[in-house]
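Let me begin by presenting the structure, written as structure tokens, before commenting on it.
The values are calculated or read from the model by the stated rules, or taken from the named source; none is laboratory data. On a predicted model such as this, the values are computed, not experimentally measured, just so you know. So basically every Cβ, Gly included, is an ideal-geometry build from the backbone, and we count neighbours across all protein chains shown.
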Amino acid sequence: MNDMLLDIARLDAFYGRAQILFGMNLTVARGEVVALMGRNGAGKSTTMKALIGLTDRSSAYSRFRGCDIGRLDSYRIARLGLGFVPEDRRIFTDLTVEENLEVGRQPPRDGLRSWTPARLYELFPNLAAKRGRRGGEMSGGEQQMLTIARTLMGNPYLVLLDEPSEGVAPLIVEQLAKTILELKREGLSILLSEQNLPFAAKVGDRAYVMDGGHILHHASMAELAADSTVQRAYLSM
């Protein structure tokens, strides 16, 4: 399909000798928000790291924008336009908001409207008011916004967004949902790792449900939100 950005078949991933992911198949199309759902330990974050090349992995087929990324280093994958927002944020705490954004800057890409600090301050007004503040002096929610903004400075076609609602205030979660919907309107694709079903249901088009390193269910987000049986089996705490 011409609009398929990410197409992965039979993805396995490992930490040393321990296998964590088993034969995963997943796709993400242009302008689509896809959620990886599951409890802690299901393999969601490992999936993100495997896709961006931060853990040992193997696959039968691994394409991003038509390029084989199965054996590429993470920095080469990022240069193709795959962005990653890790769960632990990893901002530069001694740098200001403005300096953190500059660290993420990459050249413009064909077919995309380039992200600039000015555009990002419109998207994240909280950051605009604190552009001279050091990252380590910001709240967890503000750091989450900064991490997303820094990733967008790389002008990605697809963003891997790992547990964005984890450990942040409800008001920030609501702001993040609005931000994701705005990015979707801009044509950006997002692969979202989440446990928070109401949050994922607000923003997602499709969902893959994971458990024990396997994908066990695949449905539209509307179907998953209405399926209490799957929710009780794989999402309830």
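Numerical summary
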{"read-out": "Total residues in the range 55-100, condition under 30 Å from residue 130 (Cβ atoms), of a type outside the set (D, E, K, R), within 20 Å of the chain's Cα centre (by Cα) and outside any strand (DSSP E or B)", "value": "8"}
{"read-out": "Some residue of the range 5-28 being under 23 Å from residue 182 (Cβ atoms), exposed (fewer than 14 other Cβ atoms within 10 Å of the Cβ) and not β-branched (Val, Ile, Thr)", "value": "no"}
{"read-out": "Tally of residues being within 16 Å of residue 210 (Cβ to Cβ) and small (Gly, Ala, Ser) across the range 10-27", "value": "2"}
{"read-out": "Candidate set: the range 171-230, residues that are of a type in the set (A, V, I, L, M, F, W, C) and touching a His at 6+ places or on another chain (Cβ under 7 Å); chosen: the one modelled with the lowest pLDDT", "value": "230"}
{"read-out": "First in the range 1-28 and within 14 Å of residue 58 (Cα to Cα), second anywhere and basic (Lys, Arg) and not in a strand (DSSP E or B), Cβ under 9 Å, 6 or more apart", "value": "13/49"}
{"read-out": "Top-ranked residue in the range 173-201 [being charged (D, E, K, R) and touching a residue at least 60 places away in the same chain (Cβ under 8 Å); ranked as surrounded by the fewest Cβ atoms within 10 Å (Cβ to Cβ)]", "value": "186"}
{"read-out": "Any pair with Cβ under 7 angstrom, 6 or more apart, that starts in the range 46-64 at a residue that is crowded, with 17+ Cβ neighbours inside 10 Å and ends at one that is assigned to a strand (DSSP E or B) and basic (Lys, Arg)", "value": "50/57; 59/10"}
{"read-out": "Test: residue 79 is at negative phi and of a type outside the set (A, V, I, L, M)", "value": "yes"}
{"read-out": "Residue tally, condition closer than 13 Å to residue 146 by Cα and of a type in the set (S, T, N, Q), over the range 66-112", "value": "3"}
{"read-out": "Subset of the range 156-210 that is of a type in the set (Gly, Ala, Ser) and outside any loop (DSSP other than H, G, I, E, B) - its residue that is farthest from the chain's Cα centre (by Cα)", "value": "201"}
{"read-out": "Verdict on residue 232 being part of a helix (DSSP H, G or I) and either in contact with a Ser or Thr (Cβ under 9 Å, 6 or more places away or on another chain) or surrounded by 15 or more Cβ atoms within 10 Å (Cβ to Cβ) (or both)", "value": "no"}
{"read-out": "So residue 135, is it crowded, with 17+ Cβ neighbours inside 10 Å and at pLDDT below 95", "value": "yes"}
{"read-out": "Residue 47 in contact with a strand residue (DSSP E or B) (Cβ under 9 Å, 6 or more places away or on another chain) and in a strand (DSSP E or B)", "value": "no"}
{"read-out": "Close pairs (7 angstrom Cβ cut-off, 6 or more residues apart or separate chains): of a type in the set (Asp, Glu) in the range 65-83, surrounded by 15 or more Cβ atoms within 10 Å (Cβ to Cβ) anywhere", "value": "68/62; 73/53"}
{"read-out": "Filter result for residue 38 (of a type in the set (Gly, Ala, Ser), touching a helix residue (DSSP H, G or I) at 6+ places or on another chain (Cβ under 6 Å) and within 16 Å of residue 214 (Cβ to Cβ))", "value": "yes"}
{"read-out": "The range 41-97, residues that are of a type in the set (Asp, Glu) and either at pLDDT 95 or above or over 19 Å from residue 158 (Cβ atoms) (or both)", "value": "56, 68, 73, 88, 94"}
